[in-house]
Amino acid sequence: MGKVYVFDHPLIQHKLTYIREKSTGTKEFRELVDEVATLMAFEITRDLPLEEVDVETPVCMARSKVLSGKKLGIIPILRAGLGMVDGILKLIPAAKVGHVGLYRDPETLKPIEYYIKLPSDVEERDFIVVDPMLATGGSAIEAINSLKKRGAKSIKFMCLIAAPEGVEEFQKEHPEIDLYIAALDEKLNEKGYIVPGLGDAGDRMFGTK
Ligand code: URA
């Protein structure tokens, strides 16, 4: 079974509190999500492999470590996932960025893919799928189905806040995939919002309603 990692770093938790606060305006909300995404990227990349190279310091030659050429891909789920991309790219600027767009079918309530664009070498990349909220799990599950269908072999899912119901559904559908979250909240309400959550992540990020 995939693991659930809760990033309880004090900086992440502090910033998440102000992301949740309803009086936080669009500009600050966006900046905070960006900062938390950077901090989460720092944690999620802990297991990247290293190799030794020669380096000439002003003092002498030395052996030192560099990343050993892992190819990474970031896949935001449209639209709220977009708010996490730049923060991750600050730490891993060589990552390629794909996009997955999903809408909810009004009759079946199932997420349907309406847009997908991935890097051409899908099979060789390690992907981080990002969306601020894992609520019912529907979008995350479908986005990962879309990636797997196109040959993706290595996938992680990263979000700010997850509901226990979403984690359970996600693990049923994708039991091998690890989840990286900043907070596991209490529940979903009858409208599908995470409680206590932060409201609608897309609306708060883009100033819509
Ligand atoms: N999507 C959101 O943006 N917020 C929620 O609480 C649930 C899903």
Cα atoms only: what Rg and Dmax, in Å, come out for the stretch 40-162? 17.3, 69
What dipole magnitude, in Debye to the nearest 20, does the stretch 1-155 give about its Cα centre under +1 on Lys/Arg Cβ and -1 on Asp/Glu Cβ? 340 debye
Just to verify a number: what accessible area does LYS187 come out at with the full protein assembly present, 1.4 Å probe, Å² rounded to tens? 90 Å²
Fraction of accessible area attributable to carbon and sulfur, the stretch 1-130 (%, probe 1.4 Å): 54 percent
Volume per residue that the Cα convex hull of the stretch 117-209 spans, once the total is divided by residue count, Å³: 102 Å³
Magnitude of the Cβ-charge dipole of the stretch 80-209, K/R +1 and D/E -1, about the Cα centre, nearest 20 debye? 380 debye
Not counting ligands, DNA or RNA, and with a 1.4 Å probe, what is LEU91's accessible surface area in Å² rounded to the nearest 10? 80 Å²
Strictly greater than 23 Å: what percent of every Cα pair in the chain meets that? 45 percent
Would you grab the residues whose amide H sits under 5 Å from the one on PHE127? Only those 5+ places off in sequence or on another chain, please, with H modelled 1.01 Å from N. GLY73, SER154, ILE155, LYS156
Surpassing 24 Å at the alpha-carbon level, of the pairs LYS27/LYS70; LYS90/LYS110; LYS3/LYS90; LYS90/LYS156; LYS156/LYS209, are LYS27/LYS70; LYS90/LYS110; LYS3/LYS90; LYS156/LYS209
Packing rank of 32-41, 166-175, 18-27, 46-55, where each peptide gets the mean count of other beta carbons within 10 Å, highest leading: 32-41, 166-175, 18-27, 46-55
Skip the ligands, DNA and RNA, and give the accessible area per residue of the chain with a 1.4 Å probe, whole Å². 54 Å²
Could you order MET1, MET61 so the one with the most accessible surface comes first? Probe is 1.4 Å. MET1, MET61
Using the Cα centre of the chain as origin and beta-carbon charges of +1 (Lys, Arg) and -1 (Asp, Glu), tell me which of PRO196, VAL122, MET61 is placed farthest towards the positive end of the dipole. VAL122
How much accessible area does ASP105 have with a 1.4 Å probe, in Å² rounded to the nearest 10? 40 Å²
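The values are calculated or read from the model by the stated rules, or taken from the named source; none is laboratory data. For clarity, every value in this text was computed on a predicted model and none was experimentally measured. Cβ: placed from backbone, ideal geometry, glycine included. Neighbour counts: every protein chain shown. Areas reflect the complete protein model, heavy atoms only, side chains present, ligands, DNA and RNA absent. Shrake-Rupley method; radii C 1.70, N 1.55, O 1.52, S 1.80 Å.
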